[in-house]
Amino acid sequence: MCRALLGLFCACALALASCMPVLEGQDYHLEGQEVRLTLLHTSDIHSRLVPYDFTPLKTDQDLELIPEAGPFGGATRMASILKRERKRGDRVLHLDSGDCFQGAPIFNVNTGEAEFRFLSEVRLDGAVVGNHEFDAGALNFTQKARNFANFPLLAANYLWDDPKAAGSNGTSMVTAPYSIKTVKGLRVGVIGMANISSLNSIVEGGNSLQVTPLEQNEAARSYVELLRPVTDLIVIVSHLGLTEDQDLIQGYEAFYEYGRAKPFVNRAKDAWKVLEWFGPEGDDKSVVRVHIAGVNGMDVILGGHLHVVLNPPQLVTDPSGRKVVLAHSGAFAKYVGRLELVVKMPQQMGADEGGEVISQDYRAFPVDGLWCNEAMRKLRFDENEFWDPGEFIQRAGVREAIEECRKQEDPAVSDMLIPYVLGMDFKLQLTSIFSYAPLDVQRRNNSNGGDSPLGNIAADSMRKRNRVEAEMALTNSLGIRDNLYAGVVTQEAMFNVFPFENTINIMYLSGVEMQEMFDFVADRSAERGCVSQAQVSGARFTMDCAQVQLNDLRIPCTPATFQQDCPQTGREGHAPWQCLEDTSGSRCWAHTGVDIQINGKPLDTTGTYKIAVNDYIAKGGSGFTVLKRNTTRIETGISLRDSLIGYMQGFCSCKDLLAGNATSSNGTRCGSLVNGTWTVDEKTLNSCRVSQAFEDALNKKIGSCSCLDLIKLPADAAQRCGVADLTPESIQAQCAVPQGPYTGRCTCRDLLSGTNPTCGTVTSQLRSFCEKPTAMPIANAIEDGRIGRRVK
């Protein structure tokens, strides 16, 4: 979204000077001293207040998140780490970079109440407003903030509508642009920079915020200049994104009408520079490419939104030559960041330059089952040790250490969460099992940035759903928020995949609109490394990202001679050139969605197509204006989550696959369609053979009992089964039960024998699966090349 500019902003900011808070407290004399400040940092928690399962990537393991110490995250562990680090520090502030809402079932039931209560319990000192804070509406955010947040919610670059106006959501009454914290004499100004890039999606999705976004650098500059004389340190807590955080410091390029940019171009200090004119030079209506100056006077930026960890933090130089510390601390409650600063105070208090950060040290604390045991973590990541998968958890003392850390989790937060967890389990039945994934089902393409395994079956489920039965389906990739991880697939896992309450909409698009939709997908994907921003079913197409770059060159042309004006070499595979009339004249342009086929037939631009999309993009979310302006939208009320669950329940089981059946009992084809042939991959078949061998071993008879009866070896089992003459060791040897399928926490053998505490709560459904694993539908999906890409 274009970063809006508000010329009257500076006047508004300066008017706030009369409202400057009175600073109270003990009289400290810090002149000329080197003062230590600890900044604790959380970001993008996304409602992961309850520990959850996932497969840590190499980047997570590089940050010492232990794969064997799942489940991960959780409010009780985070609270323990935060409270521990507060005790260790002398001057401590805890700041959060937004998006504490949305991403786990606890939000779907409570819409943010639990998240704000948790952050209040751990004495959060301030948070920037994230874009997902508005997922249940701005009025919901306002109500939850008023009732449950006892910390400042910051957004300096949002100008809210008049709260006294009829129909106002009142959000301006629960937010502020900045906060000043005095920590043992050290005055810290905290400015919140809220997200701009996702605002378009929120508003277009039908969730009006009643807010005008302000140009980020000018908003930050105004508040830095306001606070610098009365503070010692300026900290920006940001949900802009990593690139935008860097832009705050160094400046960036943007396009504006000259009339709007002129006051900033002509000012004496921090002037914008005109780099290029599009139209008559000096004309207020001409578009100009400008460089917006970076902001001087910031000391630290704690960022979020992109879910990355910067370890070590970046040191970015502002226009005055000052080094700014830029830190990000990840997402999904996987880490708690700690940034230790040494601040050199000026010789005279009240000096405009304030303190200076002369050194910094950063650490990201992993939030896993061994969060409290550094010795075990060092052992796991000792460069001289190599651990095979699953081996570390078997080492003596590891399970005991996990149990000891569990006992140290924060009791106050645990008590606070109990009613939410119980209510959530009761309403959503999160432990229900409906499928088994022998391998991770990835939400992203791992080979070429096109279609993904999970995206394919999600879109297939939309297209094939009863009462939908569309010719094709399309859903935005970012609406799929997590992988399906190896193990049993539960209702909770599906809430992690589809946390948003999106539903299937039916629309009727002309062939021309279809072409425009595929062009938009290619254009949007090209901005993101040519990684597809949509997933499709019933269609195949190629994203011509190279053509997107050529279109962006805006090569001038005239309709009569465009064949000569537009480059003709290397056009094989690209769409034909057109001479497109634009605001600044005609330019060379070609379609970027190419090789489009709908159910095996080329796109008919004169035809009409019945398509299934989610309600978010149907209303224009993620920039799908071609769908927003279409008037044929039919709301089915079928959630994407339920659609995928129902679809996967019909998949073939291991019994079907090992028997060589072509379809499951309800007629669903087994395997995946590869080059026109239905194929079951060998890894899935091997997993089914493991399940079959395990099931056979359980059913083996020893005396009058099966090995399933004997596997736990209760005290009277041998006597009751008529094998009292056999020792437990010989019974185990005769049964020879293998480890069996992996449930996501432990193997089925460990689960049934009750010997492994990491298995967690064993429900009757989970036990039934382990007793008959070959009867469960298999979650099987692959990349099948339905979305290609061209980058040259």
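The values are calculated or read from the model by the stated rules, or taken from the named source; none is laboratory data. On a predicted model such as this, the values are computed, not experimentally measured, just so you know. Glycine gets a Cβ as well: all are built from the backbone with ideal geometry, and neighbour counts include every protein chain shown.
A few points about this structure:
- Within segment 617-660, helices (runs of 4 or more DSSP H) holding 1 or more residues that are more than 29 Å from the chain's Cα centre (by Cα) and touching a residue at least 12 places away in the same chain (Cβ under 8 Å): 654-658
- The number of residues in segment 94-113 being outside any loop (DSSP other than H, G, I, E, B) and under 15 Å from H132 (Cα atoms) comes to 7.
- All of (1) out of contact with any Pro (no Cβ under 9 Å at 6 or more places or on another chain); (2) farther than 17 Å from S768 by Cα; (3) in contact (Cβ under 8 Å) with a residue 40 or more places away in the chain hold for K701 with one exception: (3).
- Pick from segment 69-91, criterion in contact with a Lys or Arg (Cβ under 8 Å, 6 or more places away or on another chain) and among the charged types (D, E, K, R), ranking: nearest to A437 (Cα to Cα): E85
- Count of residues meeting criterion [surrounded by fewer than 18 Cβ atoms within 10 Å (Cβ to Cβ) and at negative phi] in segment 710-734: 16
- Scanning segment 623-644 for residues that are touching a helix residue (DSSP H, G or I) at 6+ places or on another chain (Cβ under 6 Å) and buried (at least 17 other Cβ atoms within 10 Å of the Cβ), we see that the one that is farthest from N456 (Cα to Cα) is V626.
- Only listed residue being charged (D, E, K, R), at pLDDT 85 or above, within 30 Å of A522 (Cα to Cα) and surrounded by 13 or more Cβ atoms within 10 Å (Cβ to Cβ), chosen from R749, R786, R745: R786
Conditions (1) within 34 Å of the chain's Cα centre (by Cα); (2) aliphatic (A, V, I, L, M); (3) assigned to a helix (DSSP H, G or I); (4) closer than 20 Å to R689 by Cβ, marked per residue:
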| site | (1), (2), (3), (4) |
| --- | --- |
| K712 | no, no, no, no |
| L726 | no, yes, no, no |
| Q732 | no, no, yes, no |
| P738 | no, no, no, yes |
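- Here F101, F54 are screened, and the one residue that is aromatic (F, W, Y), assigned by TED's automatic domain parsing to the domain that holds L240 and touching a Gly at 6+ places or on another chain (Cβ under 6 Å) is F101.
- Among (1) modelled with pLDDT of 95 or more; (2) surrounded by 15 or more Cβ atoms within 10 Å (Cβ to Cβ), the one test that D361 misses: (2)
- Scanning segment 396-419 for residues that are surrounded by 15 or more Cβ atoms within 10 Å (Cβ to Cβ) and either without any contact (Cβ under 8 Å) to a residue 24 or more places away in the chain or touching a Pro at 6+ places or on another chain (Cβ under 7 Å) (or both) yields a single hit, R399.
- Residues satisfying the stated conditions in segment 479-488, i.e. under 21 Å from Q535 (Cα atoms), touching a residue at least 60 places away in the same chain (Cβ under 8 Å) and not charged (D, E, K, R): G479, N483, L484, Y485
- Filter result for F118 (buried (at least 21 other Cβ atoms within 10 Å of the Cβ), part of a helix (DSSP H, G or I) and aromatic (F, W, Y)): yes
- Taken over segment 290-336, the residue count meeting the criterion of being of a type in the set (G, A, S), within 24 Å of S197 (Cα to Cα) and touching a strand residue (DSSP E or B) at 6+ places or on another chain (Cβ under 8 Å) is 8.
- Of the residues making up segment 599-622, just one is in contact with a Phe, Trp or Tyr (Cβ under 9 Å, 6 or more places away or on another chain), closer than 30 Å to S198 by Cα and surrounded by fewer than 19 Cβ atoms within 10 Å (Cβ to Cβ), namely K610.
To keep it simple, each residue is scored yes or no on (1) in the same structural domain as G620 (by TED's automatic domain parsing); (2) outside any helix (DSSP H, G or I); (3) modelled with pLDDT under 95.
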site: Q515; (1), (2), (3): yes, no, no
site: D519; (1), (2), (3): yes, no, no
site: T542; (1), (2), (3): yes, yes, no
site: T558; (1), (2), (3): yes, yes, yes
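- Unique residue being assigned to a helix (DSSP H, G or I) and in contact with a Lys or Arg (Cβ under 8 Å, 6 or more places away or on another chain) when the list is Q597, Q547, Q563: Q547
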